[in-house]
1. Report yes if some residue within region 17-29 is part of a loop (DSSP other than H, G, I, E, B), modelled with pLDDT of 80 or more, not assigned by TED's automatic domain parsing to the domain that holds L212 and not acidic (D, E); otherwise report no.
2. From the list D89, D77, pick out the single residue that is out of contact with any Lys or Arg (no Cβ under 9 Å at 6 or more places or on another chain), outside any strand (DSSP E or B) and of a type in the set (D, E).
3. For region 221-233, does any single residue satisfy the condition of being surrounded by fewer than 20 Cβ atoms within 10 Å (Cβ to Cβ), touching a strand residue (DSSP E or B) at 6+ places or on another chain (Cβ under 8 Å) and hydroxyl-bearing (S, T, Y)?
4. Looking at region 94-125, which of its residues are in a strand (DSSP E or B) and polar (S, T, N, Q)?
5. In region 261-286, what residues are in contact (Cβ under 8 Å) with a residue 40 or more places away in the chain and either over 19 Å from K97 (Cα atoms) or buried (at least 16 other Cβ atoms within 10 Å of the Cβ) (or both)?
6. If you check I159 against the conditions, is it of a type in the set (A, V, I, L, M), crowded, with 21+ Cβ neighbours inside 10 Å and assigned to a helix (DSSP H, G or I)?
7. Take region 221-240 and flag every residue that is touching a Ser or Thr at 6+ places or on another chain (Cβ under 9 Å) and not in a strand (DSSP E or B).
8. Among what's in region 264-288 and is closer than 15 Å to D89 by Cβ and part of a loop (DSSP other than H, G, I, E, B), pick the residue that is modelled with the highest pLDDT.
Amino acid sequence: MSKNSIPKQYGLEQAEFDEFRAFLQQACGISLGENKQYLVTNRVRRLLEEHGLSTFGELVRTLKSGGNRRLKDQVVDVMTTNETFWFRDTYPFEHLKTVLLPELMARRHEKGPIRIWSAACSSGQEPYSISMTVEEYKRRAMGVLSREVQVVATDLSSIVLEQARLGLYDKLSVMRGLSPERREQFFEAVSETTWRIKASVRNRVEFRALNLLDSYALLGRFDIVFCRNVLIYFNAELKRDILQKIHTSLKPGGVLFLGSSEGVGQTAPLFNMVRCEPGIYYQAKARQ
């Protein structure tokens, strides 16, 4: 099938698709491939009906006008929300519990809390997994933390942030990567089909809206950054810019966890790669 030939049942003309791609690139930096028409129509069609829009061309014109912030948030949400589950890949959380937290807790001369950033946190599974890991470390430390731990979680979508702040999850969500033991320890049943994160875990996490294309200055500096399974959606230039800003936001020697299929690419001179079998992380080099 040629680039300019899109089946009519998709409901999306090539010009409309190109305009939509340009909007998404400008709004959040994500580059859609040329063969993603079906993905767009599948995810966005419901919003056309909800907002009384008859065509994708009308949708794009409405988005460009800037007059409907809710619609923009909904479009960005459906196009950027990806699969997420508890304790994804396991090793970052185990390494956090057994190596990084003990090392950071031992630095009693350092003032202030240990700060961890979960970037592109979606509906909250990653930052809450980090907070549960802190609770498990705390139990090993006889219930005492020598330094407070703060978890900052950010996402572009205000819709998923609203959900994440509530800490409410349905049966399907709590089954994805969460052991029965952790569900029993860190969740409380709200109904037969809904569970809520306990306050001891929930209160450690602060959720903030942030576009990774914008400045991170207001977030402060971090000991550890989780930015996993999101860089794959950006082109090389934006990926480099994001990693440079993350490096600036890390304290000297700070740790960066990326997704299993991601690397630091052009910013390799800013980081040392560290193996923590079975995975790796990146340690920020001192600024020149």
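The values are calculated or read from the model by the stated rules, or taken from the named source; none is laboratory data. Remember, predicted model here, so these are calculated numbers, not experimental data. Glycine also receives a Cβ, built like all others from the backbone with ideal geometry; neighbour counts cover every protein chain displayed.
1. Yes, because at least one residue in region 17-29 is part of a loop (DSSP other than H, G, I, E, B), modelled with pLDDT of 80 or more, not assigned by TED's automatic domain parsing to the domain that holds L212 and not acidic (D, E).
2. Unique residue meeting the criteria: D77.
3. No, region 221-233 has no match at all.
4. Listed by number, the list holds a single entry, S118.
5. Selection gives C276, G279, Y281.
6. Working: of a type in the set (A, V, I, L, M): yes; crowded, with 21+ Cβ neighbours inside 10 Å: no; assigned to a helix (DSSP H, G or I): yes.
So I159 fails the test.
7. Looking only at region 221-240, we keep the residues that are touching a Ser or Thr at 6+ places or on another chain (Cβ under 9 Å), and these are 221-222, 225-230, 232-235, 238-240.
Within region 221-240, R221, R228, N229, V230, I232, Y233, F234, N235, L238, K239, R240 meet the criteria.
8. Across region 264-288, the extreme among qualifying residues is P278.
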